[in-house]
Amino acid sequence: MSMYFEEFEVGRRYPTYTRTITEADLVLFCALVGYHTPMFTDEHYAKKTRFGGRIVPSSLTMSFSTAMTESFFRTTIVAHLSSDKATFHAPVRPGDTIGTEVEVVSKESKSPRSGIVLFKDHVTNHEGVLVYSVEKRVLIAKRPA
């Protein structure tokens with residue numbers, strides 16, 4: 001489903017698939033990156049916090065969201081240039097299902113081969129609550145002549 005620069009429409013939103021973040025995802029991610037934070041690993045500790053239970057690391061939410069969007073430019077991406085204005089709006093917990101909607105904010109090009117697309121990713125949980133958003137500048141290939 002990869003799209004070329006010309007195919008992205010400014011103002012349009014493209015939904016992704018959804019993904020449930022499992023207990024195994026949380027445990028494996030924390031082990032892989034070395035997170036030993038009790039907020040992520042210890043339910044008894046986390047129940048005493050303002051969150052009332054474990055939450056997943058923000059970097060796990062970011063990783064899954066990024067993976068959800070890759071199908072739009074799997075074979076047409078040239079470079080991910082920047083991520084800005086990343087904001088975590090609400091906690092994500094094991095068992096939550098998240099989905100990403102990719103908004104095309106702007107496009108610019110000075111090259112016959114590629115152009116820059118500014119995307120804003122809106123990540124919501126299964127209740128429709130916005131949990132994370134980020135702006136990404138991505139260099140996308142143009143359709144071959």
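Each reported figure results from applying straightforward, stated rules to the coordinates on display, with no laboratory input. These figures come from a predicted structure and were not determined experimentally. Note that we place each Cβ from the backbone using ideal geometry, even for glycine, and neighbour counts take in every protein chain shown.
Taking the chain as the reference, fit the longest principal axis to its C-alpha atoms, fit the long axis of helix 58-69 to the helix C-alpha atoms, and give the angle between the two in degrees, 0 to 90, nearest 10. Approximately 40 degrees, to the nearest 10.
Taking the longest Cα principal axis of the chain as reference, the axis of helix 23-33 is set at about 80 degrees. For region 5-141, the relative contact order comes to 31 percent (Cα pairs under 8 Å, sequence separation of at least 6).
For the chain, the dipole from Cβ point charges (+1 on Lys and Arg, -1 on Asp and Glu) about the Cα centre works out to 320 debye, to the nearest 20.
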